[in-house]
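Please read the structure below before turning to the comments.
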Amino acid sequence: MLKIGDFSALSKISIFMLRNYNEIGLLIPAHIDEFTGYRYYSEEQLTIANRIQALKSMGLGLSTIKGILAEYNNEDSLKRYLTLQAAQKQEEIEILQKQLLLLQTTIKGLGHSTSLSRFNIAIKELPKRSVISYRSTISAYNQEGILWRELSVEIEKQNIQFANPSYNIAIFHNEGFVEHQIDVEVQRAVVGKYRSTAVIKFKNVPATIAATLTYKGGYIQLSEANEAIANWISENGYEFDGPIFNIYHVSPETEPDPDKLITEVCFPIRNK
């Protein structure tokens, strides 16, 4: 039998931790003297102590280690469990690497920050929703209002109830920038079921992961916002995953002053 001090020296586990292990039932002394209270460990317990140290070095917590020692008493079952733990650690590493890259690219861009700085770009998930949709082509980007007016006419005809938030969205379906024949779809989220017509469609839209930049001001800043997000996506290991779209949180429909408009520019993305 080994006194707790000797066992501590041989196992390289501090006396404090050995007492903690005893309290949580992880490594209980083989014998406790009822008169002195001294704790004694058997030499066989050195193998258990060594396994605890090995599992701790893998980043496993004490409660997890206690479960392993109690439940996984053969190599096959332990191998399966540790394989799952390894996969989880790999996922955590990939998340940390992505976070590190975001930090590095943000730090790099802080020297020349503007109101549309890449520091303000965030990854968001837009929820799935039901929408009323109108899609057509326009000859110039500043004619987008024509689509919204057409949509409003159809909305009035069916007395449509909007969701909250209503997600006033314009989706640009052309691949890349075009100067003419711009394929645009305008949408608003709705509550309830309605009838599609030759002009408008009602449909369900799936959830979307997007890199987004929200700014205050006129639409003249859209080009700068698009460029900022495109560069951010390239630098941070993502790739485009669908047509870009704008969410108009404050639009000319309710605010005539361009300086007070609030627009969120969104680029759907996925990991490379």
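Taking the Cα centre of the chain as origin and charging only Cβ (+1 Lys, Arg; -1 Asp, Glu), how large is the dipole, in debye to the nearest 20? Walk me through the numbers on the way to the answer.
Working: 28 positive and 31 negative charges, 97 e Å.
The dipole of the chain has a size of about 460 debye.
Using only the Cα atoms, what convex hull volume per residue in Å³ does segment 2-71 have? Before the final figure, lay out each step's value.
Working: hull volume 5.8 nm³, N = 70.
Convex hull of Cα atoms, per residue: 83 Å³.
Full-extension gain between Lys124 and Val199, please, as 0.36 nm times their residue separation minus the C-alpha to C-alpha distance.
Extra length from Lys124 to Val199 when fully extended: 23.9 nm.
Could you work out how far apart the two model spin labels at Asn174 and Glu239 are, taking each label as a point 7 Å from the Cα in the direction of the beta carbon, and quote it in nm?
According to this spin-label approximation, the distance is 2.4 nm.
Which length gain, in nm to one decimal place, applies between Leu62 and Gln181 when the Cα-Cα distance is subtracted from 0.36 nm times their residue separation? Present the calculation step by step, with values, prior to reporting the outcome.
Working: separation 119, 0.36 × 119 = 42.84 nm, distance 6.34 nm.
Length gained, Leu62 through Gln181: 36.5 nm.
Per the Kirkwood treatment, what hydrodynamic radius in Å, one decimal, follows for the chain from the mean inverse distance over all distinct Cα pairs?
Hydrodynamic radius (Kirkwood, Cα pairs) of the chain is 24.0 Å.
How many lysine pairs does segment 119-271 hold where the Cα atoms are under 24 Å apart and the two sit 8 or more places apart or on different chains?
Value for segment 119-271: 12.
A short reminder: the numbers here are calculations on the coordinates, not readings from a lab. All values derive from a computational prediction rather than experimental measurement. For neighbour counting, all protein chains shown are included, and Cβ atoms are generated from backbone atoms with ideal geometry for every residue, glycine included.
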